[in-house]
Amino acid sequence: RESAQEDPVQIEADFLNRWPSGSTFSPFSQETAEAMRNSEILDPYVEIGTDDAYAFRWYYKEHEIMGRMLQAPHILSIDPSEQVGQDSIGIILENAHTGEVAMPADISEGNLIVFSKWVANFLIKHQGVTLMIERRSMGTAILDYVILFLTNEGIDPFRRIFNQVVQQAEEYPDRFKEIQNPFSSRENLFIKYKKHFGWSTSGSGATSRTDLYSRTLTAAAKMVGSLMRDRSLILQVLGLEIRNGRVDHGEGEHDDLSIAWLLAYWILSLGKNLKHYGIEPNRILCDNPVYRKELASVSSYDQEVFNKARQDVERLSKTLKEEKDEYVAKRLEFDL
């Protein structure tokens with residue numbers, strides 16, 4: 001069921017119309033904070049799961065959901081929890097072409113297996129959805145169940161769940177080559193590479209929470225901050241503050257939705273080999289208003305040069321992966 005965030009920030013927003021805003025302690029400018037607030041939609045379509053009683057707040061109109069899900073790939077991003085009434089499982093469904101939040105949810109209580117089955121069924125129902133889940137807390141157990149449910153349906157988890165085998169295909173080509181074998185002949189690979197599924201938080205570097213709350217937060221706020229739509233998500237993100245030189249949620253506050261939102265943007269901005277999941281790299285955020293505004297300021301000639309360079313990079317990268325001759329490969333690397 002949906003968690004009730006009855007904290008001072010929520011109460012002030014609901015009853016006094018006071019929102020957290022950009023200040024000396026906020027990571028956001030006044031303009032960015034205002035864009036986030038103004039994105040709120042008051043009356044989402046609320047879908048109640050029949051078996052699990054989860055509440056999902058859709059920001060697509062009810063009759064448009066299936067069509068919108070088919071029009072563009074989506075990221076189903078999850079920040080897990082133990083579902084014991086404290087921290088919630090934060091869920092964000094984000095449109096990969098626009099960056100808009102399509103459906104958020106926060107689930108504070110429930111059964112882990114039931115939730116994992118819902119995730120798997122959602123992926124089965126919507127073929128254009130890629131799962132991005134953090135491995136912390138109960139994330140590893142959720143991944144185990146989701147992989148089991150998907151493989152029982154003949155669906156390849158390597159193509160539907162973010163994993164480091166795909167992310168690091170250039171660094172470890174033999175590993176990536178293994179998952180290209182026929183699905184029926186590689187069941188053991190899910191066990192062999194299970195630790196590579198999901199977003200595994202590192203102490204520092206690209207997959208650290210520090211990086212998520214710095215580089216990714218800055219970029220996400222600029223590109224998709226005006227498309228957040230959901231009050232609970234907006235409250236959590238605007239409630240972030242700079243303490244001791246780093247961004248974090250306030251004491252006693254939650255960040256499950258904000259982490260899920262940032263993970264969704266992380267895969268769109270820093271994910272590699274996304275074509276393996278069915279996401280065309282040159283279509284990412286192609287309908288995003290900020291991107292389109294920036295694109296309009298670029299001359300048609302510059303845009304043509306840019307498009308040709310991107311096509312050359314994709315062509316050379318593909319050729320380089322398939323090249324066996326070491327001399328030719330070095331030449332391709334030089335060209336690339």
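The values are calculated or read from the model by the stated rules, or taken from the named source; none is laboratory data. It should be emphasised that the depicted structure is a prediction, and the values quoted were computed from it without experimental measurement. We place every Cβ from the backbone using ideal geometry, glycine too, and count neighbours over all the protein chains shown. For accessibility, only protein heavy atoms count, side chains too; no ligands or nucleic acids. Shrake-Rupley method; radii C 1.70, N 1.55, O 1.52, S 1.80 Å.
Tabulated values for the structure
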| quantity | calculated |
| --- | --- |
| Selection status of Val290, of a type in the set (A, V, I, L, M), open to solvent by 30 Å² or more (accessible area, probe 1.4 Å), touching a helix residue (DSSP H, G or I) at 6+ places or on another chain (Cβ under 9 Å) and not in a helix (DSSP H, G or I) | no |
| Checklist (1) more than 24 Å from Ile279 (Cβ to Cβ); (2) at pLDDT below 95 applied to Asp211, failing item | (1) |
| Some residue of segment 190-201 being of a type in the set (A, V, I, L, M, F, W, C) and either exposed (fewer than 14 other Cβ atoms within 10 Å of the Cβ) or more than 25 Å from Glu280 (Cβ to Cβ) (or both) | yes |
| Selection within segment 68-92 - in a strand (DSSP E or B), more than 19 Å from Gln236 (Cβ to Cβ) and at pLDDT 90 or above | His74 |
| All helices (runs of 4 or more DSSP H) inside segment 131-187 with 1 or more residues being open to solvent by less than 20 Å² (accessible area, probe 1.4 Å) | 139-152, 164-167 |
| Test for Gly225: is it within 30 Å of Asp43 (Cβ to Cβ) and in contact with a His (Cβ under 7 Å, 6 or more places away or on another chain) | no |
| Breaking point among (1) under 13 Å from the mean Cα position of the chain (by Cα); (2) part of a strand (DSSP E or B), for Gly99 | (2) |
| Residues satisfying the stated conditions in segment 34-67, i.e. farther than 12 Å from Met103 by Cα, assigned to a helix (DSSP H, G or I) and of a type outside the set (A, V, I, L, M) | Glu34, Arg37, Asn38, His63, Glu64, Gly67 |
| Subset of segment 265-285 [hydrophobic (A, V, I, L, M, F, W, C) and surrounded by fewer than 17 Cβ atoms within 10 Å (Cβ to Cβ)] | Leu270 |
| Unique residue being open to solvent by less than 60 Å² (accessible area, probe 1.4 Å) and closer than 30 Å to Gln127 by Cα when the list is Leu332, Leu262 | Leu262 |
| Top-ranked residue of segment 276-287 - restricted to ones that are modelled with pLDDT of 95 or more and not in a loop (DSSP other than H, G, I, E, B), ranked as nearest to the chain's Cα centre (by Cα) | Tyr277 |
| Any hit, segment 104-116, residues being assigned to a helix (DSSP H, G or I), surrounded by 20 or more Cβ atoms within 10 Å (Cβ to Cβ) and out of contact with any helix residue (DSSP H, G or I) (no Cβ under 6 Å at 6 or more places or on another chain) | yes |
| Residues of segment 106-139 classified as within 17 Å of the chain's Cα centre (by Cα) and closer than 16 Å to Ser88 by Cα, total | 7 |
| Qualifying residue in segment 226-240 (condition: open to solvent by less than 40 Å² (accessible area, probe 1.4 Å), small (Gly, Ala, Ser), in contact with a helix residue (DSSP H, G or I) (Cβ under 9 Å, 6 or more places away or on another chain) and at pLDDT below 90) | yes |
| Selection count where residues are assigned to a helix (DSSP H, G or I) and over 22 Å from Ala72 (Cα atoms), scope segment 297-310 | 9 |
